[in-house]
Amino acid sequence: MKAVKIGMPLLMIIIASVFLISSFAIPRANLGNPNGPLYFPIGLSIFMLVLSIIYLINELKTLHERNGKIQGLFEGRTLKLIAVTIALGVIYAFIFEPFGFLISTILFLGCLLFYVNGWKKWKANIIVTISFSFITWYGFSELLGVSLP
Amino acid sequence: MDAFLQGFQIVLQPMNIFWVVIGGFLGTIVGMLPGLGPATAVAVLIPITFGMDPTSAIILMAAIYYGAMYGGSRSSILLNTPGDGSAIAATFDGYPMAQKGQAGEAMAISAVASFIGGVLAVFGFIFLAKPLANFALKFGPSEYFLLMLLTLSAIVSLSIGKMVKGFIAMALGLLISTIGIDPQTGVHRFTMDIPHLSEGIEFLIVIIGVYAVGEVFYNFLTIDKVKKEKKKVGRIWFTKEQWKRSKWPILRSAPLGFIVGVLPGAGGSIASMMSYSSEKQLSKKPEEFGEGAVEGLAAPESSNNAASVGAMIPLLTMGIPGSGTTAVMLGALIMLGVRPGPLLFENDPGMVWALINSMFIGNIALVIINILLVGLLVKILDTPAKVLYPLIIMLAFIGTYTLSYSTVDYFLLLLFGVIGLFMKIMDFPIAPLVLAIIVGGDMEQNFRMALTSSNGSLSIFFSSGISITLIVLTVLSLFYPIVINRFKKRSRNGDKEAISA
């Protein structure tokens, strides 16, 4: 829990620092003020850096206070649910174009539903997967004219 | 007047009426899902608008918006879990009413209150929008920059107690908006030589990521803990006595909500809270508030719907969204090639007035949907979240694909989903991030244009009455949380003194 509490401000400090350092590497402009494209990112990353440090200090002061939301993340199967959804999303990205919309979506939604909703409700999972995949495909591709693989 | 009638003609086309009804219905369903509000509803359903003409698209999006506002109060009343901030006040008395077996009456009065609030606010829109658009024509780059600054600082300040986090979210959003080719000079910024990044990060992916995927991830925290509650709906209409108690609160709350909605950063949550507390103060039976007082439900419902109409004014007249949901709508409109701002009223009055008139029809459709189809809506609400959340994830992926026809964006979608999740867990307000990403590009360009026109002198930002007013308002907005805290402390001390006396 402490890792998450400190991790977030540290991440913000890293992001702000990366933006700040990369801002100086932005090429100078040939048009108008050569430093024109730099001002905004430099100003903002310094602003974000200062605030992230204040945020870190605030978090350090309240490090021992309990945060129910962070605790919820580590309870039950929450982390697994999030990790499986992300993993399935990554697989979906790879199979979407080669397998085509319908097959890849049936596989993605089916796996996600079986994992989230449980194997006991297999009938509902199969019906929802097939019907919604088809309805979405029909809606987008036929009614709205969106070209899907 | 011609434009008004032209707008009516457009909205009365069968296809547009169809979109109003569909948008209202779908918005109601997504808005009903616990934890998901209007911003998510619009974000998830944006892909439906692609391929539509811009007028139908904006009509559909607005219908989704206020549909979700209606829907949000269904889950507040029946499950005590508001869809978003603006539906919180509906739990105070709506849920106790449902516990007393008056769920049907509560839903009917909330639908009617929302309807009256929405319709009265449309009249406000008609009177205020055009003059405000004319006024906005006086704005130059420096005024626009300052207006965006005011909107951002107001939206951060209003997330009381989270100002540091709000400003971090805002700065991060503005920094993300600088990724890509700088439109003024053609210089590549933060693209890391990845061609996909040269056009910048598509803000709709960020929106769908944080609002749809992030919200679902966040709801995974409680997905196995939600207990099903069977509610007796009872009769679906209110009694004469309930109407007598509600009518004045509804009529008083509508203008209040509308005005709060127009203000930058405020929106439905504040509008509904303000009208709830003011009605409690005005009431002869304040002790009944929180125990199922019908006016305690009717007032915020009228107010938050009026606010949702009011929020469209700065969006359409100035191109400045005042809330998370209108920011999402602005993103979608830009995608469709529509540039909201004062010139929209000159160049495309048909679209603007069609939207305004669609709000009348949409509110009528929604009150019918929400009263006649209560049974169906309650059944949908019974659909397990474990089925609905995977469907939302699927829609988010497909929506993302339709934006760029590239699955590379799926990774960005997941990344922003995780960012959204941690922002929610760590209590970061999300609206400043989203708003900043959307207005960031314009804000920087206006800032630099203003400086170019003044040969680099910052005095341009103090050169007009409008600019100075905007600066003063921005500074005041930063002090708002301090004033509120003082006020709260004083009233707490007052309470203590009263008790000890």
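Values quoted throughout were computed directly from the atomic coordinates according to the rules given, and no laboratory measurement underlies them. Quantities reported herein were computed from a predicted structural model and do not represent experimental measurements. Quick reminder, even Gly has a Cβ in these numbers, built from the backbone with ideal geometry, and neighbours come from all protein chains shown.
Roughly what percent of Cα-Cα pairs across segment B:180-311 reach past 24 Å?
Details: 5085 of 8646 pairs.
Of all Cα-Cα pairs in segment B:180-311, 59 percent lie more than 24 Å apart.
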**Request:** Express the Stokes-Einstein translational diffusion coefficient of segment B:331-380 in µm² s⁻¹, to the nearest whole number, given a Kirkwood radius over alpha-carbon pairs, 4 °C and a viscosity of 1.567 mPa s.
**Result:** 98
**Request:** Give the span of the protein assembly as shown's Cα atoms along each principal axis, as three whole-Å numbers ordered largest to smallest.
**Result:** 72, 63, 62
**Spatial extent of segment A:78-143: Rg and Dmax, with the Cα atoms as the point set, Å** = 12.3, 38
**Prompt:** Looking at this model, which pairs from B:LYS100/B:LYS379; A:LYS120/B:LYS225; A:LYS80/B:LYS424; A:LYS120/B:LYS100 are more than 25 angstrom apart at the alpha-carbon?
**Reply:** A:LYS120/B:LYS100
**Request:** Could you estimate the translational diffusion coefficient of chain B from the Stokes-Einstein equation, with Rh from the Kirkwood formula over C-alpha pairs, at 37 °C and 0.692 mPa s, in whole µm²/s?
**Result:** 142
**Item:** Percent RCO, i.e. relative contact order, over segment A:78-143, from Cα pairs under 8 Å lying at least 6 residues apart
**Value:** 31
**Residues whose placed amide H lies under 5 Å from that of B:ARG189, excluding near-sequence neighbours** = B:GLY180, B:ILE181, B:ASP182
**Per residue convex hull volume, Cα atoms of segment B:287-340, in Å³** = 82
**Item:** Residue-averaged beta-carbon neighbours from other chains (10 angstrom radius) around B:61-71
**Value:** 0
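Beyond 15 Å, what percent of the Cα pairs of segment A:33-125 remain? Could the numbers behind the result be given before it?
On the way: 3255 of 4278 pairs.
Looking at segment A:33-125, the distances longer than 15 Å represent 76 percent of pairs.
Taking 8 Å as the Cα distance limit and 6 or more residues as the minimum spacing, I'd like the relative contact order of segment B:173-263 as a percentage. Don't skip to the answer; put the middle values down first.
Numbers: 36 pairs, mean separation 14.2, N = 91.
Relative contact order of segment B:173-263: 16 percent.
How about segment A:1-76: which GluC sites (Glu not before Pro) there lie in a loop by DSSP and see at most 12 other Cβ atoms within 10 Å? Can you show the working numbers first?
On the way: sites: A:GLU59, A:GLU65, A:GLU75; in loops: A:GLU65, A:GLU75.
Here the sparse-neighbourhood loop sites are A:GLU65.
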**Request:** Select from segment A:7-72 those trypsin sites (Lys or Arg not before Pro) which occupy a DSSP coil region and have at most 10 other Cβ atoms within 10 Å, ordered by residue number.
**Result:** A:ARG66
**Request:** Output the Cα-based Rg and Dmax of segment A:2-66 in Å, rounding Rg to one decimal and Dmax to a whole number.
**Result:** 15.6, 54
**Prompt:** In a Debye calculation with equal point scatterers on the alpha-carbon sites of segment B:327-466 and no solvent, what is log10 I(q)/I(0) at q = 0.10, 0.13, 0.21 Å⁻¹?
**Reply:** -0.65, -1.02, -1.28
**Message:** Tell me the Rg and the Dmax, in Å, that the Cα atoms of segment B:251-336 produce.
**Reply:** 14.7, 51
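What percent does the relative contact order of segment A:2-66 come to when contacts are Cα pairs within less than 8 Å and at least six residues apart? Don't skip to the answer; put the middle values down first.
Working: 47 pairs, mean separation 31.3, N = 65.
Computed value for segment A:2-66: 48 percent relative contact order.
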**Message:** Helix A:36-61 against the longest principal axis of chain A: what's the angle in degrees, Cα atoms only, rounded to the nearest 10?
**Reply:** 80
**Prompt:** Points 7 angstrom from Cα along the Cβ direction at B:ASN347 and B:PHE479: gap in nanometres?
**Reply:** 4.0
**Request:** Tell me the chymotrypsin sites (Phe, Trp or Tyr not before Pro) within segment B:81-161 that lie in a loop according to DSSP and have at most 10 other beta-carbon atoms within 10 Å.
**Result:** none
